[in-house]
Amino acid sequence: MAKRKLSGSDIIIQCLVDAGVDTVFGYPGGAVLPIYDAIFNQNRLRHVLVRQEGGAVHMAEGYARSTGKLGVVLVTSGPGATNAVTGLADALMDSIPVLCLTGQVPTHLIGNDAFQEADTTGITRPCTKHNYLVKDVNDLTRQLREAMYVAKSGRPGPVVVDLPKDVLVNEALYEAPSPRKVAHKTYRPRIKGDQRQIRQAVEAIAGAKRPLFYCGGGVVNSGPRASRLLTEFVRMTGDPITLTLMGLGAYPATDKQCLGMVGMHGTYESNLAMHDCDVMVNIGARFDDRVTGLLSEFSPGSIKIHVDIDPSSINKNIAVDIPIIGDCASVLADMIKVWKEMKPRRDRKAQAAWWAEIARWRKRDCLKYGHSDTLIKPQYALQRLYEQTRERDCYITTEVGQHQMWAAQYLKFDEPNRWMTSGGLGTMGYGFPAAIGVQVAHPESTVIDVAGEASFQMNIQEMSTAMQYRLPVKVFILNNQYMGMVRQWQELLYGGRYSESYTASLPDFVKLADAYGALGLRATKPSEVDGVIEQMLDSDRLTIVDVLVDQTENCFPMIPSGAPHNEMLMGPEDEAQAQAQGNEEGMVLV
Amino acid sequence: MAFETRPPGTEIIERHVISVLVDNDVGVLARVIGLFSGRGYNITSLTVAEVDPGQAMSRITVVTSGTEMIIEQIKAQLDRVVPVHNIADLTVEGPAVERELALIKVRGTGNKRVEALRIADIFRARAIDSTINSFVFEISGATDKLDAFINLMRPLGLVEISRTGVVAIARGAKGI
């Protein structure tokens, strides 16, 4: 039974099952009919039928991010593939392992402008980690396995395998995977860090007076072991840590050494600590512009250590002093070993002074906001959501905008893989399908998409998917009837000219939920918030919660684009200052 | 402290010749070119041809320019491309030889024609096609030698130029 003859479609299913794939998110069409026929004839692979291909990729992303496994997508040629492009770009920016199988017209028709033909490998080349066009069924097994290896190893990312229809029908010998690990011909990411550089880094941390750990999604991607090791090491040093949007959960947010999120909407204490530290330990983050602010004034006095599995992340935006190329978990394990051997004698006085400084910054209480008895403040709604879900087995996804930043600020994550948000690409419409993907992977857990009314509408069609598979996803809409972040920037930088940022003709979300057979809830005043959250958590089916929040609330603290870390806007009282400075220079920045 | 923080990188823009060994496969060249255009890097010249048919490998020689940090980025980004085997920055990895080949068509009669032939001789260019009123010269050498020859041909009836771009290889016994 080692070798047998199978059709291309059967080979695909066999390869996926061999690799431990249990779920595929997809949508059928002409070019992939042979695979759908093969799916019909088996029960080892579950297919989740989406309502638009863009949703399928985000579902696979949610599935992958909450499990650490590969997310798999199956779409047809032409429009099926082009609809998937946004999700692929999203997965590339956030380093999510996704395999996207796309149908293609038969090989003899490629290039003829055939029906539903698109140059899928051409279109997806810049938005995938790698892609393949399978031209011969005899190469299919090898290329599929290679694609899955590339997607999952090193810095993970999306990989497209384009499958002409004749390749799906033709037969080839199928060989079961060899238990021996076969190295890829050219792609061999470096896992183990350079020992000399690791020692240098540990020495720098040990000698630091104002050290700061700055950690990102690379720790989460490296697996739960990396988070455990990070927690162990940071506690061993007793030094403060800040996390990026992608890194939330990599270190317990409720721990006293955690300063919260860093960056444009990060906490006051995190950003000032970034600015003033003397040794910065970047583990699995990439000095993104949303974190660094003005590059020339970014953390001017610090020695920078950068641990990253992707050599191209190092020295891209910020020149670093001690680069370490390797997997976060492996490097952290080595750092702990060196630290234990070294038994460093820290400068306790300096450490105490650093923590005293941080305590002063913390006293600013940068996340406080003006309470109201009549209007629901979005921050209040999220605080209540956190209080009511903190004891539960809960996963959170978000859309993109103000609600996303508030969620990052007010929901606290003590474990990795519990927080799924579109960080790099900032894809509105990500959160709801991602939540469906998470729920597929964790049917018994509570999965909540913190949404805005504008983002939610970008993939609202997936309500039908959630209903079909009885997935009790919760959509918690902070409804301010505006594209809130656009409105906030227009207020701060464009003289309050709210061009096209008001969302008119909104549906009645409660009635809409009802139309799909889902549960719809609404809160219009603060006293109703706890009640709807309770009802939402008790619901056993798709639940849409429409929370009508204060329309004028802005997201603070905020580092305006192009400003350094120590020039934060703390609240409405600083807005006038921002407007005064809002010159043309500010308007061209993103 | 064990050492000083790194000094700010130099802003001087330098020319680099980079050799890239890749799988000779569909789309690999597009991937490399797309990387340069997508990230806003410069391509001064680019050549590609299969060099190892047995292993289906091609060699791309790309001449680019940028600051030290940009050149480091270009190399790291190229290394990230899955079908890339090997990268060598010939400009920094010891001495290397560079050559370029050009075919140059010149039209003219009388004195201009004689002058063109005489300059070609000085530059060791060969006439590989000839009619009663034109020549096609083949010339190879360093880029600036070709530039100099072309400039001299301009007043003598230069019609068109076809250049290969730079190919390069490290001096000495060691391979890429």
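Numbers for the structure displayed
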read-out: Filter result for the condition that a residue is under 21 Å from A:I35 (Cβ atoms), more than 10 Å from chain B (Cβ to nearest Cβ), in contact with a Pro (Cβ under 8 Å, 6 or more places away or on another chain) and buried (at least 22 other Cβ atoms within 10 Å of the Cβ), over A:V105, A:V160; value: A:V105
read-out: Test: residue in the stretch A:58-66 that is surrounded by 22 or more Cβ atoms within 10 Å (Cβ to Cβ) and outside any helix (DSSP H, G or I); value: no
read-out: Residue within the stretch B:87-110 that is within 26 Å of A:D139 (Cα to Cα) and within 14 Å of another protein chain (Cβ to nearest Cβ) present; value: no
read-out: Boolean, B:V159 is away from chain A (no Cβ under 14 Å), surrounded by 19 or more Cβ atoms within 10 Å (Cβ to Cβ), out of contact with any Gly (no Cβ under 7 Å at 6 or more places or on another chain) and modelled with pLDDT of 95 or more; value: no
read-out: Test: residue in the stretch A:285-302 that is free of Cβ contacts under 8 Å to residues at least 40 places away in the same chain, outside any loop (DSSP other than H, G, I, E, B) and either in contact with a His (Cβ under 6 Å, 6 or more places away or on another chain) or closer than 27 Å to A:R225 by Cα (or both); value: no
read-out: Selection within the stretch A:273-301 - within 12 Å of chain B (Cβ to nearest Cβ) and within 26 Å of A:K192 (Cβ to Cβ); value: A:V279, A:M280
read-out: Hits in the stretch A:414-446 (condition: under 23 Å from A:G260 (Cα atoms) and in contact with a Pro (Cβ under 8 Å, 6 or more places away or on another chain)); value: A:D414, A:E415, A:P416, A:N417
read-out: Identity of the residue in the stretch B:116-139, β-branched (V, I, T) and part of a strand (DSSP E or B), that ends up nearest to B:T164 (Cα to Cα); value: B:I139
read-out: In the stretch A:187-241, the residues that are within 14 Å of chain B (Cβ to nearest Cβ), more than 19 Å from A:W355 (Cα to Cα), among the β-branched types (V, I, T) and touching a strand residue (DSSP E or B) at 6+ places or on another chain (Cβ under 8 Å); value: A:I198
read-out: Residue match in the stretch A:113-130 (condition: touching a strand residue (DSSP E or B) at 6+ places or on another chain (Cβ under 9 Å), part of a strand (DSSP E or B) and within 12 Å of chain B (Cβ to nearest Cβ)); value: yes
read-out: Which listed residue, of A:L6, A:L45, A:L70, A:L74, is modelled with pLDDT of 95 or more and closer than 26 Å to A:C394 by Cβ; value: A:L70
read-out: Filter result (assigned to a helix (DSSP H, G or I), in contact with a strand residue (DSSP E or B) (Cβ under 9 Å, 6 or more places away or on another chain) and over 18 Å from A:A434 (Cβ atoms)) within the stretch A:383-403; value: A:Q402
read-out: Those residues of the stretch A:450-505 which are more than 20 Å from A:A407 (Cα to Cα) and among the acidic types (D, E), in sequence order; value: A:E462, A:E491, A:E500
read-out: Strands (runs of 3 or more DSSP E) contained in the stretch A:135-219 and holding at least 1 residues at pLDDT below 95; value: A:171-175
read-out: Search result, residues across the stretch A:227-243 that are under 21 Å from A:E203 (Cα atoms) and either assigned to a helix (DSSP H, G or I) or at pLDDT below 95 (or both); value: A:L229, A:L230, A:T231, A:E232, A:F233, A:V234, A:R235, A:M236, A:T237
read-out: Given (1) surrounded by fewer than 19 Cβ atoms within 10 Å (Cβ to Cβ); (2) under 22 Å from A:I96 (Cβ atoms); (3) not β-branched (V, I, T), index of the condition A:L294 fails; value: (2)
read-out: Residue list for the stretch A:250-263, filter: touching a strand residue (DSSP E or B) at 6+ places or on another chain (Cβ under 8 Å), surrounded by 23 or more Cβ atoms within 10 Å (Cβ to Cβ) and in a loop (DSSP other than H, G, I, E, B); value: A:A250, A:Y251, A:V262
read-out: The stretch A:121-157, subset β-branched (V, I, T) and more than 21 Å from A:V21 (Cβ to Cβ), residue surrounded by the fewest Cβ atoms within 10 Å (Cβ to Cβ); value: A:I123
read-out: Pairs with Cβ under 6 Å, 6+ apart, first in the stretch A:315-329 and assigned to a helix (DSSP H, G or I), second at pLDDT 95 or above and small (G, A, S); value: A:C328/A:G218; A:C328/A:S222; A:C328/A:A226; A:C328/A:G284; A:A329/A:S222; A:A329/A:A226
read-out: Complete set of residues in the stretch A:503-549 that are among the aliphatic types (A, V, I, L, M), at pLDDT 95 or above, over 21 Å from A:H371 (Cβ atoms) and not in a strand (DSSP E or B); value: A:L506, A:V510, A:L512, A:A513, A:A515, A:A518, A:M536, A:L537, A:L542
read-out: Subset of the stretch B:90-115 [under 20 Å from B:A142 (Cα atoms) and part of a loop (DSSP other than H, G, I, E, B)]; value: B:L90, B:T91, B:V92, B:E93, B:G94, B:P95
read-out: Filter result for A:A31 (small (G, A, S), assigned to a helix (DSSP H, G or I), in contact with a Leu (Cβ under 6 Å, 6 or more places away or on another chain) and at pLDDT 95 or above); value: no
read-out: Residue within the stretch A:368-383 that is under 20 Å from A:L243 (Cα atoms), crowded, with 24+ Cβ neighbours inside 10 Å and of a type in the set (V, I, T) present; value: no
read-out: Count - residues of the stretch A:303-312 that are surrounded by 24 or more Cβ atoms within 10 Å (Cβ to Cβ) and either hydroxyl-bearing (S, T, Y) or more than 9 Å from chain B (Cβ to nearest Cβ) (or both); value: 5
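Residues are listed down the side, and each one gets a yes or a no for (1) surrounded by 20 or more Cβ atoms within 10 Å (Cβ to Cβ); (2) closer than 21 Å to A:K129 by Cα:
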position	(1), (2)
B:S19	yes, no
B:V22	yes, yes
B:D25	no, yes
B:R39	no, yes
B:D52	no, no
B:T61	yes, no
B:G66	no, no
B:I74	yes, yes
B:E100	yes, no
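The values are calculated or read from the model by the stated rules, or taken from the named source; none is laboratory data. Being a predicted model, the structure only gives us computed values, none of them experimental. Don't worry about glycine lacking a Cβ; one is built from the backbone with ideal geometry, like all the others, and counts go over all protein chains shown.
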